[in-house]
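A short write-up of the structure that comes next.
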Amino acid sequence: SFCALWTIHIAEAQSNFIAVGDWGDFPAQVAQSRVAEQMGIWAEENGCDFIISTGDNFYSDGVLSNQSFRFDYNWRDVYNHSAIEDLDWYITVGNHDHDDDYREEYQVEFSEYEPRWKFPSLWHSFEIPAGDITMHFIASNTQAMKEEDKYDLEEQLGWLEQELAASTGDWIFVFGHHPALSCGRRWGEQVVLERVVPLMEQYKADFFIAGHDHNLQHITKTEDHPGGVHYVTSGGGGRSIYDYNEENHDIIVDLGYQLLRFDGTYGFVAFEVDKTSTRFTFHDGAGNFLYEYTVTKT
């Protein structure tokens, strides 16, 4: 089975978390350590309950075993600021984590040894109650969607629809590796746009958080094409930077979307969630605050 659901509890009626992706390079890059340090500083100043990875955790072809040294080298030994060193990470994997030999499964198996590495299956979900609010997170596997000769696309999409249809969360966050839309090096991923986006819109998901494009982005539909999903790219974890691409921007505009923010930089996205609002902010690896946006519910 490729699906799992569990619940963790937070006493306060607010939850803060960080989303970061495209981070685990070999040999390690200085940029990853700088982003990790800034994640720790933000968590120390604001509080942080957990971290989400948007994939491409281990370049360039995943890990070679479920006890690979890379779990220390690129993860434990990097994200070791006191404010984040004990936090749980909720995982999805990207194209560089996958391999013809099913190396992506090693990251699932690693979760059996490391309780902070929350990755029970290649696609999974979890709920986080915080006081009187409930956040529902759905971790898709967009690379598996692309590899139809290896995985069953319809199986995962059926599971995704079931999760969305049954959700009672005050906030619904879907996350995966490939963005539906992008104004960077890649304009988006067709299977996500054609198959995942309609489900998120139908069942009123609030966010789709992705990586793959190595930058920070915020995209929404325009007023003429209503749809309440906010598309947030957090792919600046340390591998490299992909710059803004005007042609790809033109593509998303033609599709009825608008780019609200683009930062071609290393960095991460921080989320602060309460009953009626979710505020998210962009931060770079040098400690600069770049952008903020608040989504509200009545």
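Kindly check whether there is at least one residue in the range 189-204 that is open to solvent by less than 20 Å² (accessible area, probe 1.4 Å), touching a residue at least 60 places away in the same chain (Cβ under 8 Å) and out of contact with any His (no Cβ under 7 Å at 6 or more places or on another chain). No, because not a single residue in the range 189-204 is open to solvent by less than 20 Å² (accessible area, probe 1.4 Å), touching a residue at least 60 places away in the same chain (Cβ under 8 Å) and out of contact with any His (no Cβ under 7 Å at 6 or more places or on another chain). Scanning the range 22-37 for residues that are open to solvent by 40 Å² or more (accessible area, probe 1.4 Å) and out of contact with any helix residue (DSSP H, G or I) (no Cβ under 8 Å at 6 or more places or on another chain) turns up Pro27, Gln29, Val30, Ser33, Arg34, Glu37. Residue count for the range 229-255, restricted to those that are touching an Asp or Glu at 6+ places or on another chain (Cβ under 7 Å) and either part of a strand (DSSP E or B) or farther than 20 Å from Tyr79 by Cβ (or both): 4.
State whether the residues of the range 157-175 include one that is in contact with an Asp or Glu (Cβ under 8 Å, 6 or more places away or on another chain), closer than 26 Å to Lys275 by Cβ, open to solvent by 30 Å² or more (accessible area, probe 1.4 Å) and in a loop (DSSP other than H, G, I, E, B). No, there is no match, as no residue in the range 157-175 is in contact with an Asp or Glu (Cβ under 8 Å, 6 or more places away or on another chain), closer than 26 Å to Lys275 by Cβ, open to solvent by 30 Å² or more (accessible area, probe 1.4 Å) and in a loop (DSSP other than H, G, I, E, B). Evaluate the following for Ser234: is it open to solvent by less than 60 Å² (accessible area, probe 1.4 Å), within 15 Å of the chain's Cα centre (by Cα) and either polar (S, T, N, Q) or more than 17 Å from Pro179 (Cβ to Cβ) (or both)? Taking the combined requirement at face value, the residue satisfies it. Listed by first and then second residue, the pairs linking a residue in the range 163-181 that is among the aromatic types (Phe, Trp, Tyr) to a residue that is surrounded by fewer than 21 Cβ atoms within 10 Å (Cβ to Cβ), with Cβ atoms under 9 Å apart and 6 or more places separating them unless they lie on different chains, are Trp171/Ile133; Trp171/Thr134; Trp171/Asp206; Trp171/Val295; Trp171/Lys297; Phe173/Asp206. Exactly one residue among Asp224, Asp284 is charged (D, E, K, R) and modelled with pLDDT of 95 or more, and that residue is Asp284. In the range 256-288, what residues are outside any loop (DSSP other than H, G, I, E, B) and among the aliphatic types (A, V, I, L, M)? Answer for the range 256-288, where residues must be outside any loop (DSSP other than H, G, I, E, B) and among the aliphatic types (A, V, I, L, M): Leu259, Leu260, Val269, Ala270, Val273. Residue count for the range 247-272 satisfying the condition of being of a type in the set (A, V, I, L, M), over 20 Å from Phe207 (Cα atoms) and open to solvent by less than 40 Å² (accessible area, probe 1.4 Å): 0.
When Gly62 is tested against (1) surrounded by fewer than 20 Cβ atoms within 10 Å (Cβ to Cβ); (2) under 25 Å from Trp123 (Cα atoms); (3) in contact (Cβ under 8 Å) with a residue 12 or more places away in the chain, exactly one condition is not met: (1). Counting only strands (runs of 3 or more DSSP E) wholly contained in the range 1-79, the ones carrying 2 or more residues that are modelled with pLDDT under 95 occupy 5-7. Pairs meeting the criteria (first residue in the range 242-263 and touching a residue at least 12 places away in the same chain (Cβ under 8 Å) and closer than 23 Å to Asp284 by Cα, second residue part of a strand (DSSP E or B) and open to solvent by 80 Å² or more (accessible area, probe 1.4 Å), beta carbons under 9 Å, at least 6 apart or on different chains) are lacking. The single condition from (1) part of a strand (DSSP E or B); (2) of a type in the set (A, V, I, L, M); (3) under 20 Å from Glu155 (Cα atoms) that Met135 fails is (3). Across the range 80-92, the qualifying residues are those that are part of a loop (DSSP other than H, G, I, E, B) and open to solvent by 20 Å² or more (accessible area, probe 1.4 Å), and the one among them that is farthest from Gly176 (Cα to Cα) is Ser82.
The values are calculated or read from the model by the stated rules, or taken from the named source; none is laboratory data. Note that the coordinates shown come from a computational prediction; the quantities given were computed from them, not determined experimentally. Please note: Cβ atoms are built from the backbone with ideal geometry, for glycine as well, and neighbour counts cover all protein chains shown. Only protein heavy atoms, including side chains, enter the accessible area calculation; ligands, DNA and RNA are left aside. Shrake-Rupley method; radii C 1.70, N 1.55, O 1.52, S 1.80 Å.
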